[in-house]
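Structure first, then comments.
The values are calculated or read from the model by the stated rules, or taken from the named source; none is laboratory data. Bear in mind that the values here come from a model prediction, so they are computed numbers and not experimental data. So basically every Cβ, Gly included, is an ideal-geometry build from the backbone, and we count neighbours across all protein chains shown. Heads up: the accessible areas ignore ligands, DNA and RNA and are worked out on the full protein's heavy atoms, side chains in. Shrake-Rupley method; radii C 1.70, N 1.55, O 1.52, S 1.80 Å.
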Amino acid sequence: MVKKSVMWKAGAMACVAVLALSACGGGNDSATTKDGKPIVTVQIVKDARAEKMAKMGWTKDLEKACDCSIQWQEVASSSWDQQKQASLAAGEVADVTISGFGSGDMGQYGSLFMDLKPELKSMPNLSKLFKAEPYSQVISTTTDGKILGSPTVARPVTARTSNHMFINKQWLDKLGLQVPTTWGELETVLKAFKTQDPNGNGKADEIPMDFNSPGTGGFGLFQPNVLLASAGITVPNGALGMYVKDGKVQNYLTDPNYKELISYLHNLWSDGVISSEAFTHDWSKYTGTAKGNGTTATVGFTWMWTPSDIFGPQLASQYVTIPSLKMDANQTETPVWAYNGDDLAYQADRAVVSAKVKNKEAALKLVDAFYSPDISIQARYGSFGTAVKRNAENDYKVLDPPADHNSASDWQFYQSLADGAPGWISEDMKLDLPSAHTEVKPVDAVYDNDYKNVDFNKDVLYANMPMTPEQTSTLNANNTGITQGAMSKFAQWVTKGGVDNEWDAYVANLKKNKLDENIKLEQQIYDSFKKNMDTIGVNLNSTN
């Protein structure tokens, strides 16, 4: 039996950890300022580069729109996970939380948040968004029909994938080589990059291939699992191998094509063309290495959002984007490309309201204000006059950064919430953006032909699919064993070999850890989501 004193201490510690609220009940006890304005506590999870919220000029417009006083509770995204768990465990959340919770949290902790569906009549901006962008309503609707959070929608300024594939064209030209179109051609090119001094500095410092290190928790962005698109698999930004083909949920972790990819990567590792640090470096080392030395490139091939993001402005022009490769020139399967465009353009539960909010009307006005054009633009790009010029209604020009900021991206994150902001960038807006913000468009267009082979209504494992508490609990429990079994073997097989001899035992181990049960659950979740898409009338082929 646990002593009461121990239980009290645990509860008190959780209360202290929960968002630095003034009391475990949720913020300022008076709930109004001295002059009678309602107080709304807003927990904001933001980039570490961002200025204090109260110093961002646009937050004054937000306060004016809700006719309230906002008490900001700010935390860097890198520090949020631990704080979030304490908050959820204690059952205490701020009046409004921005960028703190997602659809996965709603499955288990949905009772902590207000159902916004009955409140839409008093939220005209959000209601207009749901009508114009019905997919945003689909991702915002729980399995029992509630709307526990409002989304971010920014389809005109996003891409269909985060994973764009780059190769150094200057190196290819110097060595008289063509852009590879198959896995075999890529291996030939990478070997030449290693041995023929393509950067011309007389040193053997070239890293033919590099990638973001896969973690123990599963695959993420900018990792070589995206090469499975060569086999017709529309790889999502999902950690544990799930994908959809013709409406059927499958898993590539036990697919023969995954085994073949591992064998291919092991050959590359044996060739010495993959970075020796690919499985150990952190994010800063990965991105820093790709920026080379001044005007001398050192990485030949990798994946990222844009060339400037990974190689820097001095080297970006040396690289070209290449479409999906074929595994073999004679293959019958049509290549596709990795896709997470639904997650980039539509983010669920970006703003949530506490079920115990004290000033409900003010909190709802605050959330709804984010979906007005003027605040949507400022929350994403920065304040009028310093970061954005407002030319006219629905007509904006995002300004270049001042001289004391390194890039447009850094300036945006300093001035605003960037893509972490709730809001709606609509197709009706006239938006003049700096080149740094539009660089991704031609990069993404390279995959037009690959995406012609994708039915976005049948071949995509959608992000932000709502789950029941039971589904969430079972998937999370099963994922632990699946992750441990899959990711340790991936690194081992690529670097040391052995996939052929150990494959059958590996597959049996994943099945023992209930991979098939997870596939069945994902199919249920997918089918329920698709039913809601069909009911609301969403056709994603028309928006991709």
Search the stretch 347-361 for residues being touching a helix residue (DSSP H, G or I) at 6+ places or on another chain (Cβ under 8 Å) and open to solvent by less than 10 Å² (accessible area, probe 1.4 Å), and hand back the single one that is nearest to SER542 (Cα to Cα). ALA348
Residues that are of a type in the set (A, V, I, L, M) and open to solvent by 20 Å² or more (accessible area, probe 1.4 Å), drawn from the stretch 195-228: ALA204, ILE207, LEU221
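Being under 24 Å from the mean Cα position of the chain (by Cα), closer than 21 Å to LYS248 by Cα and either assigned to a loop (DSSP other than H, G, I, E, B) or of a type in the set (D, E, K, R) (or both) is the requirement here; does ASP527 meet it?
yes
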What's the total number of residues in the stretch 237-253 that are modelled with pLDDT of 95 or more and outside any strand (DSSP E or B)? 5
Subset of the stretch 515-544 [surrounded by 13 or more Cβ atoms within 10 Å (Cβ to Cβ), out of contact with any Phe, Trp or Tyr (no Cβ under 9 Å at 6 or more places or on another chain) and among the polar types (S, T, N, Q)]: ASN518, GLN523, GLN524, SER528, ASN532
So which helices (runs of 4 or more DSSP H) are wholly in the stretch 395-509 and hold at least 2 residues that are open to solvent by less than 30 Å² (accessible area, probe 1.4 Å)? 408-415, 440-445, 448-451, 469-496
Restricting the search to the stretch 365-387, which residues are crowded, with 24+ Cβ neighbours inside 10 Å and of a type in the set (Asp, Glu)? ASP368
Could you please find all residues in the stretch 460-473 being more than 19 Å from the chain's Cα centre (by Cα) and either charged (D, E, K, R) or more than 15 Å from ALA348 (Cβ to Cβ) (or both)? THR468, PRO469, GLU470, GLN471, SER473
Every residue in the stretch 265-288 that is crowded, with 18+ Cβ neighbours inside 10 Å and either under 15 Å from ALA491 (Cβ atoms) or out of contact with any Leu (no Cβ under 9 Å at 6 or more places or on another chain) (or both), please. LEU265, HIS266, LEU268, TRP269, ILE274, SER275, ALA278, HIS281, TYR286, THR287
Can you name every residue in the stretch 68-97 that is open to solvent by 50 Å² or more (accessible area, probe 1.4 Å), among the acidic types (Asp, Glu) and either touching a helix residue (DSSP H, G or I) at 6+ places or on another chain (Cβ under 7 Å) or at pLDDT 95 or above (or both)? GLU74
Could we say that TYR339 is under 20 Å from ALA445 (Cβ atoms) and under 21 Å from the mean Cα position of the chain (by Cα) here? yes
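If you go through the stretch 66-106 one residue at a time, how many are on the phi > 0 side of the Ramachandran plot and without any contact (Cβ under 8 Å) to a residue 24 or more places away in the chain?
Selection size over the stretch 66-106: 1.
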